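All remarks here apply to the structure that follows.
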Amino acid sequence: PLYSSAASDVYKRQSKDIYKRFETEKTYPILKQILLETKEKPRLLLKYSKEGIALFPAQPFVYLINGSTLNVNREFKKALEILQNGIDFVIEDAMEALFYKEMALAYKGLNNKVEERRYMEKFRKLVN
């Protein structure tokens, strides 16, 4: 138990340090680490993914995180717009599939069944 507590303290300290590091060293690897570590904090995800889109406009991962978080916040129209902007930068099928899944969720939230089905079908084709 002592070790896990000490390890937890070190991890928390490192997590705080990464935010400070990003303030002075705005690099994509640091931003990506922040986005991966703040999965459960939508407010921070929105803040950093929005900044990421401005700083690294050709990195699809930041659009995916931003769009996904907007979906969670039930801001479906905004999510769809972000996802549509970001999908042009995708080069991997696995990430493209995630974009389609999030786009289907946004269309579902907007009560557009036709587009929801269309994008879920695109998602399924890429994951099967």
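Values quoted throughout were computed directly from the atomic coordinates according to the rules given, and no laboratory measurement underlies them. Note that the structure is predicted; figures quoted are calculated from it, not measured. Positions of Cβ are backbone-derived with ideal geometry, glycine not excepted, and every protein chain shown enters the neighbour counts.
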Filtered residues of the stretch 101-128 (kept if of a type in the set (Gly, Ala, Ser) and touching a residue at least 24 places away in the same chain (Cβ under 8 Å)): 106, 109
Scope the stretch 79-128; condition over 20 Å from residue 62 (Cβ atoms) and among the acidic types (Asp, Glu); matching residues: 115, 116, 121
